[in-house]
Amino acid sequence: MRSHNHRTFYAPQRVGLGGLFALLCVLIPARAALAEDVIYGPDGAPTVVQHKLHPIGGKWEVGLDFGLALNTALVNHTGATLQIANHPNEWLDLGVDLAGNLTGLSGLTDQIRAKLPPRADSSTGHANTGDELAHSDALQFAGTFRAKLAPVYGKLDLASELKVHFQAYVLLGAGGGLVRHESVNLCSTAGKTPCKFTTDDSGHVTSSDFQVSSGFKPMGEVGGGFRFYLPSEWSIDLAVRAYMFPSSVIEGADLTNPASGNSSTYLGLVTMFNVGIARLF
């Protein structure tokens with residue numbers, strides 16, 4: 001009888017640490033589950049993100065972003081992007097991006113042109129040869145059909161009573177755009193004298209005799225960003241978009257003859273950083 005009482009009295013002490021740990025592992029998730037009810041989707045499965053500020057499945061979204069180019073040292077880009085999209089579910093939207101840019105050659109281009117080598121050797125009169133500088137393309141307009149995949153949704157506690165809901169996304173699209181190519185160093189007319197150009201009081205080139213071409217080209221769009229949701233179904237959008245298109249430069253050109261040289265193709269790239277606002281409907 002004493003042996004039985006001895007085992008009954010000391011059994012809780014033998015399993016106290018392990019039992020307490022196991023009990024906490026069960027109670028903590030259970031308490032969290034009670035504090036935040038599970039929300040189920042149309043398919044009967046629980047949604048990945050609980051208590052979104054605004055459910056977006058089945059809604060339309062219209063946004064307007066303003067941006068600057070990040071990687072075009074020879075050409076300045078300042079523009080805007082209109083977004084129109086539909087959300088078939090909570091993590092995907094399909095839509096159209098329409099981007100327009102104000103473009104112009106940068107101060108670096110002006111400096112390069114001011115120091116170009118002579119088109120012909122002054123002592124012999126023989127033509128000099130050279131390669132055209134790449135990446136002087138100006139993306140003036142782009143229209144793409146694109147998809148945004150947004151599997152990540154989260155909340156930031158900026159203050160005890162302020163929660164900021166955000167969604168991270170990646171995007172992929174295809175379409176076309178208007179690209180203007182102005183050569184930095186090849187003249188459009190034959191001759192041995194330097195390319196003619198005029199400047200304003202600040203030294204910026206206003207007109208020139210350099211080769212210029214424009215045309216619509218197929219275009220791809222990739223990028224990523226964040227939506228920060230606001231009350232009344234508004235959101236602030238931060239994004240980086242990269243537009244890719246076929247481009248070309250002239251290599252081995254006779255600097256006195258605009259029709260000389262061989263064309264070499266490469267992948268043009270204009271990367272824009274955009275900030276804007278959007279509205280769900």
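A few remarks follow.
- Members of the stretch 79-127 that are touching a residue at least 40 places away in the same chain (Cβ under 8 Å) and of a type in the set (D, E, K, R): Glu90, Asp93, Asp97, Asp110, Arg113, Arg119
- Gly215 being over 20 Å from Gln167 (Cα atoms) and at pLDDT 95 or above: yes
- Going through (1) outside any helix (DSSP H, G or I); (2) at pLDDT below 95; (3) not polar (S, T, N, Q) one by one, Val26 falls short only on (1).
- Single condition Trp234 does not satisfy, out of (1) touching a helix residue (DSSP H, G or I) at 6+ places or on another chain (Cβ under 9 Å); (2) within 30 Å of Ala85 (Cβ to Cβ): (1)
- Unmet criterion (only one of (1) in a strand (DSSP E or B); (2) β-branched (Val, Ile, Thr); (3) exposed (fewer than 15 other Cβ atoms within 10 Å of the Cβ)) for Thr124: (1)
- Where a residue in the stretch 251-265 is of a type outside the set (S, T, N, Q) and its partner, wherever it lies, is surrounded by fewer than 16 Cβ atoms within 10 Å (Cβ to Cβ) and not in a strand (DSSP E or B), with Cβ under 6 Å and at least six apart: Glu251/Asp131; Ala253/Ser260; Asp254/Ser260; Leu255/Asn128; Pro258/Ser188; Gly261/Gly252
- Strands (runs of 3 or more DSSP E) fully within the stretch 162-219 that include at least 1 residues being touching a Pro at 6+ places or on another chain (Cβ under 8 Å): 162-187.
The values are calculated or read from the model by the stated rules, or taken from the named source; none is laboratory data. Keep in mind that this is a model prediction, so the values were computed, not measured. Cβ atoms come from the backbone with ideal geometry, glycine included; neighbour counts cover every protein chain shown.
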